[in-house]
Structures are given as structure tokens and as C-alpha cells.
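The values are calculated or read from the model by the stated rules, or taken from the named source; none is laboratory data. Everything numeric in this text was worked out from a predicted model, so none of it was measured. Glycine gets a Cβ as well: all are built from the backbone with ideal geometry, and neighbour counts include every protein chain shown. For accessibility, only protein heavy atoms count, side chains too; no ligands or nucleic acids. Shrake-Rupley method; radii C 1.70, N 1.55, O 1.52, S 1.80 Å.
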Amino acid sequence: MECWGANDFGQLGNGTTSSSWKPVFVSGLTTATAVVAGSVHACALLSDSTVACWGANGGGQLGNAGNGTVPLTKSTTPVPVTGLGGVTALAAGFAHTCALQTGGTVVCWGDNSTGELGNGTTSSTTTANKPGLVTGLTGALAIAAGGTTIDSGGPTNAFHTCALRSDGTVVCWGDNSKGQLGNGTTASSTTPVAVTGLTGVTAIAAGATHSCALLAGGDVACWGDNVAGDLGNGGTAQAQTPVAVSGLHGATAITAGLYHTCASLSDGTAVCWGANPAGQLGDGGYTESATPVEVAGIAGVTSIAAGSNHTCAVLSSGVTECWGDNRSGEIANGTLTPVGVTGLAGGTAITTGAGHTCALLSSGLVECWGVATGFGSPGGGATSHFFNPVPVSGLTGATAITAGDFHTCALISDGTVECVGEDGAGELGNGTGVSVLTTAQAVVGLEGARSIAAGSDHTCAALSNGTVVCWGEGGFGQLGNGSTANSSTPVAASGVTEATAVAAGGQHTCALISNGTVACWGDNTFNELGDGTTTSSPTSVVVSGVVGATAISAGGAEELGGHTCALLAGGTIVCWGRNNSGELGNGSTTASPVPVAVTGLTGATAISAGSGRSCAILAGGAVACWGGGALGDGSTASSTVPVMVRGIHDAVAIAAGSDWSCAVLSGGDATCWGANADGELANGATTPVVVLGL
């Protein structure tokens, strides 16, 4: 058995808490016959009819504390559910689990705050969190569990469970604040109640606060919450009893996510309806739909399953395809080698932030994708993502771009600078103190800029007169003006003259001087200033031994420190600073307070330093990277020396991110590789993509 995606609570079951954007084996599980996934836990039915679970256990949803002596702590590997046998099917809700047993009874365990265990109480089955019988339920053929704790404007906790009975009727229990029990009321129930008027049911599904049933003739009926068109009946009004899904016939299976529902059809296609902020409907867009829409480009569907905001289907060919949210690698669409950025053309430069990527187009426009706050997209927020490029509002005439953690700036053809995104430390330079700008605004009083660079929360520009100005966070002296205060407008870096370019890392800044030397200032905890010390400086210091530099780049996350690299006139590269992942490229993982040569690298024409990694374009357009894993060579391994990125032979621009990288190619297309947790690769997550390695 294999799992992929987020793994904060060990829900991938591979003995770690590291997320994975490709399938990984669940440790020690060799006899599984079925699997279900809750919010942050999963359970498997084994061939001997017992059950094992793994992941979060805050509500006792793993069911492994039968004698009351085992702490309710997470498990990163499968643990047996206490005293459970004779199981034929499973269902997992947000923080509870249920099992159908031989004979048609159902047992549940875990959270019971709204009666979702069906035992007549709102307390856990026992203080030991072991399976307990659902009161009065017999003749069950199938079960489904739903729930959420993030229903904005609704209940803090909303959990419910449903069972299909042998006579074709359905009963449900638990929370009913949205009518998801289907009995004509909004009163919750701690024991099963019959869904009104529903007969001839062959399958059931439970979402966050809605439920659905597949009927014998292939029609589908749903009930409960409908704010995003969850019920598929063409409206958004809540329904406390079942309503028919509009125009849907010939369905063979159904599945429900948080606020969306999907069905496979007898012709092998699939349809979805409901919420669509991450493209989970699979129709190529992000617009919610109150009636079914066809999943684009999919055929031969044999089974279908919906997660919170993504959906997957197994095809008759044995291939698995997924679409929708990919912030934690849920759609496992392969990021180890470069993939094309969907819908981008005419690119000339590229930059990466903490969770977003932006490209400069030949038209002077800028397009971005990933976490929306990084480029201020209207309606964007820390949980809003774009999986294909979108234009930055109000930005035209750009000639260069740079991205900080969650802000983006552009050098305009008239020598001014405009910025957009987060502004918590003044990094947008407009002096307003607005927390997030959704339309680009000019940096106050700045003109004559020739080069720009953004660190985590600060931004700098080299001016045509050879000076450098900076704005934003200054706590480590990264503004270079002798102070550690923040500034929401540009301040001059002390003592810097004849600068031709500027580079910014997490909390440090460097300037390329016209004579080929480099000066740096700011945080020096990890040797990122290159002056042979670890002493931070709010004013510039000379980097030791660098001569003949033609380009510089600095990287590093705010909390981890950074490193800096310089491209020299002969095509070699030197780097200094933090080296935990091998980002200096000198064959070691030892930090260096002075520049060291990147091993075996010659003929370089461009350099980009990210967080924990570095990349360079070589003569002819090939790309090499070193440092943290997923370097584009087809593996997840890190490397302390350069490795070649597969399949790139005509790169003209390069950007190394925190755990992904991108390049612009000579034809104006862009390609990216690495992690894709927030859509940084922009490779089409709104329509089905093949899960690699499965």
C-alpha cells in the first residue's frame, strides 16, 4: 500500500512526518485489502478482517488504546485497532473511524463531540477509545463518515456518519446542523435516524456537512449543506431531506470531499459538483458549480475518491489520475524532473518566493502562480493558491522581477520599482502599512533603479548612480543603513558606491561593485556575509577574496540563514555561508565564512541561490543544481556537488526556490521541478494528471 501528500501527523504511515509528492509505502503493511483516509489519519482493512490505523490520534481515531494505558498520541506507522475482527468495510471521518462487521453491525471509535459514534452519548466509546457498537443498527451493508472543523460561519465541529442498510434505506447519526442526517430536521442525534423518503439505495457518501446516495437506477440524491452547490440540484439552499442531483443518470459510484461531490458514470467518464477553489471539480477552472460538470479528459474510470479539496480516479488501464489541491503533493503528479508551466508563453525571466513563482513576459507583464499572497491576487490569502499563471494586477512595463517570501517587486522601464503582496514589515516600500496589496504600487520616491532583489521581508535596489537603497524588515541590519529598524520607504545603504547589481537573501543583502568585488551586510550567523566572521553588520563589509565577479545571487529562509554565490568572469562560481544541504557545492556540508569554489563547474553564464539549493545555467543552455533534494535529476537525493537537470538544453533564465526550481527556455516557455505543495510548478492541477510511480 502506498500513500502521498501531507504527513505532519504521520498519516502516510511510512515512519516519518515528512510530506511526499510521490507515493511512499506504508511501513509493514502487506495484507491490506482496503484503505480509508480521514483528515490526518488513515486505516486499512487487512486480509484477516482486522484493522490497522496510523496518523493523528488526538480524538482516539486510531482505536489502539483498548486498555486505557496507551497515550492517545499519533503513530507514524500502522497500529492494530484494539479487539476488532470480522470487519468487511471501513469509513473514516475527520477524527473518528467506523467499521462494518460481518452480520451487519457497525462499531465506531474516536471523537464523539457531536454523537458521530452513534452510541447514545457525546462521550468517547470509553475513556480508552476503543471500538463500540452503534446503538440499534443491524443489517448494514455500507458506511460513510464525514466531518470538518473549519466550516467558517458554521459549527466549530461538524461530524456525522451514515449507513446503508440491506433494505436499501439509509440511516445517519451525529451532527445535523446543516441537515446532513436527512431526517427533515437540524437536530443532531447520538443514535441512527432514518433518512426521509430514501429507498433503493446502492451506495452512500458523506462530505463535510452533506451526504449523498446512489440509487439503483443510476440517479443520485443528496442532502445537507449546499452553500457551494454541494447537493448538485442547481441551487444553494440547504436541504434537510434528499434532493435529486440535476441531470445526473447512469452513475456507478459516488464520493464526497469537504464541499464537493463526484460520480463515475457507466460510460467511464466522471462528473463533479460543488466547491472548486482548488480545481477539485476537474473541469479546468476554479468556479463552483451547483450542477454536475464533466471532468476534463478522463475515460475508463473504475473507481473514484474525493479528498478535502482534490479528487482521484483509477482508470481501467490501472493508471491513477488526480486533480485539484496540491499544496502538500496530494495529486502526486511528478516533480522530480522538469515539467512545463501550463499556459505561460513569452517568458524572459523568472523568480521564486516562499510558495509562489513569477515570470516576466516579453510584453512587460508579470504572471505568477502558487500562494496568492505572494503576488497579491484579489481574494488571495495564505490558503488561496493558483495552479496556473495569473497576471499581477496593475503591473506593466516591467524589465526585471524579484520575489520575497510573500511579496513580489518589478523594475519598471522608467527606473521606478513597483511591488505587490504582503507588507507586514514595509517590504513593499510604499509607506502605507497596508497588510496586503492586491494591485502593484510604486515604491515611494524611488527612481533610477537598475537592479532589484528581495529577501524574506525586505527589498533593495541598486541605482544608476552606484548607490543602493533598501526597505522593509531591518532587524538584522539587512537594510544596510546602520540601523536595525524596519523602514516602509527606501533608506540608503551606508558606504556603498559604484554598485551595479544587488542580491538579497533571507536576512542579508549583497551588492556587486563595478570593480568585480562584492560587499554584503545584515545577518551573518551562518557566514552569509563572507568576511571570514560570524559577526552581523548593519553596514557593508567586503567579501573576502572575490575578484572578477560578474553576477551575484543570495538565498535562504528567514529562520534558517542563507548563502550567497558569485559568478566569476571565467565562468566559475564561488559561494559562501550556510551549507547544511550542500548549497555551496564544494563537496561538503560545512558552512564557510569565505568564498569556496563550486566543484567541477565551468562555463556558467548565470547563477541563482535559493533556500538550501543553488542552480546555474551553463554555456549552451544546460542547467546544473546542487544542495537540497529534488534537484531535477530524477531523484529526491541531495547533492553537495552540481548535478545536471534532466531535459533542459536551452535555458535563458533560472530561479532556485526553497524546494523547487524553475527555468525560462529560449522559446519563452518555462519549466519547473521539485516540490509542488502550493502549485509552484503550475503544471495543470485543475484537470487530471497521472500519479507517478504508482
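General observations
- Measure of compaction for segment 201-307 (Cα Rg per 2.2 N^0.38 Å): 0.92
- Area accessible to solvent at Lys74, 1.4 Å probe radius, in Å²: 100
- Carbon/sulfur fraction of accessible area - segment 203-287, other protein chains in place, 1.4 Å, %: 54
- R0 of 22 Å, Cβ-Cβ distance Ala296-Ser316: FRET efficiency to nearest 0.05: 0.75
- FRET efficiency for Ala619 and Ser362, using Cβ-Cβ distance with R0 set to 22 Å, rounded to 0.05: 0.40
- Equivalent ellipsoid semi-axes, segment 609-669, via Cα gyration tensor eigenvalues times 5, rooted, Å: 18, 11, 10
- Rounded to the nearest 0.05, the FRET efficiency derived from the C-beta distance between Thr396 and Ala37 at R0 = 45 Å is 0.50.
- Cut-off of 10 Å, at most 16 other beta carbons, DSSP loop: longest stretch of the chain lacking such GluC sites (Glu not before Pro): 1-446
- Segment 86-118 residues near the modelled Thr138 label - backbone nitrogen below 12 Å, point 7 Å along Cα→Cβ: 103-105
- Top positive-direction residue, dipole computed over the chain with Cβ charges, set Ala216, Asn586, Trp521: Ala216
- With a 1.4 Å probe rolled over the protein heavy atoms of all chains, the accessible area of His160, His310 falls in the order His310, His160, largest first.
- Measuring nothing but protein heavy atoms, the accessible surface of segment 1-95 at 1.4 Å probe radius is 56 percent carbon and sulfur.
- Cysteines having no other Cys beta carbon under 4.7 Å from their own, within the chain: Cys3
- Dipole of the chain, positive end: most advanced residue of Ser487, Gly86, Val301 [Cβ charges, Cα centre]: Gly86
- Carbon + sulfur, % of accessible area of segment 463-520 - ligands and nucleic acids excluded, 1.4 Å: 49
- Gain on full extension, evaluated as 0.36 nm per residue between Ser303 and Ala345 minus their Cα-Cα distance, stands at 11.5 nm.
- Heavy atoms of the protein chains alone define the surface here; on that basis the chain has 32 Å² accessible area per residue at 1.4 Å probe size.
- For the set Ser537, Ser514, the ranking by accessible area, highest first and with no ligand, DNA or RNA atoms included, is Ser514, Ser537 under a 1.4 Å probe.
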